[in-house]
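The structure under discussion appears below in the form of structure tokens.
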Amino acid sequence: MFRLRLVPDNTNIQFMRGRHAGLIVSAFLSIASVVLFFYPGLNYGIDFRGGIVIEARTPQAADFASLRHTLNQLNMGQVQLQEFGSPQDVLIRLERQPGDDAAQQVAADKVRATLAQEIPGTTVRRVEAVGASVSGELFFNGMLALGLALLAMLVYIWFRFEWQFGLGAIVTLLLDVTKVVGFYAITGMQFNLTAIAAILTIMGYSTNDKVVVYDRMRENLRIYKKMPLRELIDRSINETLNRTLGTSMSTLLSILPLAFFGGEALQDFGIVLIFGIFLATSSSIFIAAPILLFLGENRLRRNAPAENAAPAANPTP
């Protein structure tokens, strides 16, 4: 039976030769991401900054390009449009306007009047103003979700593997998360609850990828009892390389439609996930593995002449 192999079974790439470069580049990018988080900062969405949400229904299928152009002329800041339910139902999100609640109501009335004038027959079904206190609570809950997810993954890996594995996975995960935040800062994409969902998804994918590689390393530690840890890590990565690349490719193919055809609501989400797939796949090899080598070289395995053992089981497909 034909099986697609992205890399040959006898691949023997010495990944650990580039361990210093991988860690240095990763640390530099993460530090730069932290700096970008503070300056110029993130482009917070309405969820975290507050704003106005208007639910409208047009007499015909909404023309989003024309509607966005019309609302931009009101000079109310960034406008988000989202279709929900039917092509006639539109969710309009506006930045919070300067002033108190009365100013938000004035802005909402202005949008209502503009819609009635430009698109006769349009009805406004709901108007909500997200205040500063509500947006602050949403931001706190989002950060709490990220923190609890990190803690849960730390506990899981720590109990499943030795502490060196757990520490290496969590440090790598933190570096991955900071890079995703830096990606939001550089691109100017809105950082909102959807962004939190994207980061949590990337964290789960990244952890899964590292567990696969770590599991093969732990298995090889039992098989090759005298093989130097550096050689063992290279061997383990090569044995799981087909599975790692295959999983990444299949996940990428399922996300590409979101990035290209998901519309305004899902496009940013898809783009960030694509970035996260490349990030998580590379970090498993060039960050998590070198960290494990530095932490476990004199604990998990003391370097000794390689054992002439029988080959391990067939590499993971």
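The values are calculated or read from the model by the stated rules, or taken from the named source; none is laboratory data. Source: prediction; values computed, not measured. Counting neighbours? That spans all protein chains shown, and the Cβs are built from the backbone with ideal geometry, glycine included. These accessible areas exclude ligands, DNA and RNA; they are computed on the full protein's heavy atoms, side chains included. Shrake-Rupley method; radii C 1.70, N 1.55, O 1.52, S 1.80 Å.
Please find, among ALA65, ALA21, ALA56, ALA61, the residue that is at negative phi, of a type in the set (A, V, I, L, M) and assigned by the TED database to the domain that holds ILE186.
Exactly one of ALA65, ALA21, ALA56, ALA61 is at negative phi, of a type in the set (A, V, I, L, M) and assigned by the TED database to the domain that holds ILE186, namely ALA21.
Look through region 80-131, keep the residues that are small (Gly, Ala, Ser) and surrounded by 17 or more Cβ atoms within 10 Å (Cβ to Cβ), and return whichever of them is modelled with the lowest pLDDT.
Within region 80-131, the match that is modelled with the lowest pLDDT is ALA129.
With the structure loaded, tell me whether ASN10 is on the phi > 0 side of the Ramachandran plot and open to solvent by 60 Å² or more (accessible area, probe 1.4 Å) or whether it fails that test.
No: the conditions fail for ASN10.
Which residue pairs have Cβ atoms under 8 Å apart, sit 6 or more places apart or on different chains, and have a first residue in region 64-77 that is under 20 Å from GLY99 (Cα atoms) and a second that is β-branched (Val, Ile, Thr) and outside any loop (DSSP other than H, G, I, E, B)?
LEU71/VAL79; LEU71/ILE92; LEU71/VAL111; LEU71/THR114; ASN72/VAL79; LEU74/VAL111; LEU74/THR114; MET76/VAL111
Among the residues of region 185-206, write down those that are touching a Ser or Thr at 6+ places or on another chain (Cβ under 9 Å) and either under 11 Å from ASP268 (Cβ atoms) or open to solvent by 10 Å² or more (accessible area, probe 1.4 Å) (or both).
Listed by number, the residues that qualify are ALA185, ILE186, TYR205.
Going by what's in this entry, would ARG243 be described as without any contact (Cβ under 8 Å) to a residue 40 or more places away in the chain, of a type in the set (Lys, Arg) and over 24 Å from ASN141 (Cα atoms)?
No, not satisfied.
So, ALA103, is that one in a helix (DSSP H, G or I), in contact with a Ser or Thr (Cβ under 7 Å, 6 or more places away or on another chain) and not assigned by the TED database to the domain that holds ALA198 or not?
no
Would you pick out the residues in region 157-169 that are open to solvent by 20 Å² or more (accessible area, probe 1.4 Å), assigned to a helix (DSSP H, G or I) and touching a residue at least 12 places away in the same chain (Cβ under 8 Å)?
ARG160, LEU167, listed by residue number.
Would you check which residues across region 27-62 are surrounded by fewer than 20 Cβ atoms within 10 Å (Cβ to Cβ), assigned to a helix (DSSP H, G or I) and aromatic (Phe, Trp, Tyr) and list them?
PHE28, PHE37, PHE38
Going by the conditions given, is ALA65 modelled with pLDDT under 85 and part of a helix (DSSP H, G or I)?
So ALA65 fits the description; yes.
Across region 179-195, what is the number of residues that are in a helix (DSSP H, G or I) and either at pLDDT 90 or above or within 15 Å of GLY41 (Cα to Cα) (or both)?
The qualifying residues number 10.
Here's the yes/no breakdown for (1) under 27 Å from the mean Cα position of the chain (by Cα); (2) not assigned by the TED database to the domain that holds ASN72; (3) not charged (D, E, K, R):
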position	(1), (2), (3)
THR114	no, no, yes
ILE119	no, no, yes
THR122	no, no, yes
ARG125	no, no, no
MET143	yes, yes, yes
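Matching residues to (1) assigned to a helix (DSSP H, G or I); (2) at pLDDT below 90; (3) open to solvent by less than 60 Å² (accessible area, probe 1.4 Å):
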residue	(1), (2), (3)
LEU221	yes, yes, yes
ARG235	yes, no, no
THR244	yes, yes, yes
LEU256	yes, no, yes
LEU266	yes, yes, no
GLY270	yes, no, yes
ALA288	yes, no, yes
PHE294	yes, yes, no
